[in-house]
């Protein structure tokens with residue numbers, strides 16, 4: 001709730017400063033300005049029907065590699081479009097490597113997890129034979145008892161919308177927008 005109130009306040013300040021600019025203030029009917037107003041909405045850029053057409057146009061525009069539209073009189077910055085197709089579920093961190101087949105991602109658990117004791121017995125004397133773990137299983141203490149532990153690995157999840165831009169409006173609110 002506190003986050004929603006904070007985002008609404010930032011939006012209100014951004015819109016107020018947007019309209020209070022000097023004689024060069026932008027009109028809200030300009031496409032770039034419509035996009036900024038829609039992106040500033042705490043409920044999401046397409047919450048309101050009036051925002052859907054300019055935001056859809058923005059996604060198509062950016063997907064073609066074009067730069068973010070301009071809006072005179074509004075204080076905003078945007079990054080260049082970027083691409084990040086993979087992500088991991090909570091408790092895992094993405095590790096990306098470039099190999100012979102291109103970019104390859106793996107999710108590695110943030111903490112060691114208990115695994116079968118047979119893996120620690122089997123790996124005695126030989127390091128790191130792949131069992132779906134980022135490190136060789138090793139003995140550790142869990143709840144006062146000896147347990148075989150390892151960092152688990154899993155395949156990364158693939159984003160439905162892998163491209164994004166970071167938008168900062170009036171230096172106050174930074175938002176990552178996926179398209």
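Panel order for 33, 88, by other beta carbons found within 10 Å of each beta carbon, from fewest to most: 88, 33. Residue order for 58, 119, fewest other beta carbons within 10 angstrom first, comes to 119, 58. Extension gain, residue 142 to residue 118: 0.36 nm times the residue separation minus the Cα-Cα distance gives 7.0 nm. Between the beta carbons of residue 59 and residue 157, assuming R0 = 25 Å, the FRET efficiency works out to 0.75 to the nearest 0.05. Any idea how far the Cα center of segment 138-175 sits from the one of segment 74-106, in Å? Cα centres, segment 138-175 to segment 74-106: 12 Å.
Read-outs throughout are calculated quantities, based only on the coordinates presented, and are distinct from any laboratory measurement. Because the structure is predicted, anything quoted here is derived from the model rather than measured. All Cβ positions, even for glycine, are placed from backbone atoms using ideal geometry, and neighbour counts span all protein chains on display.
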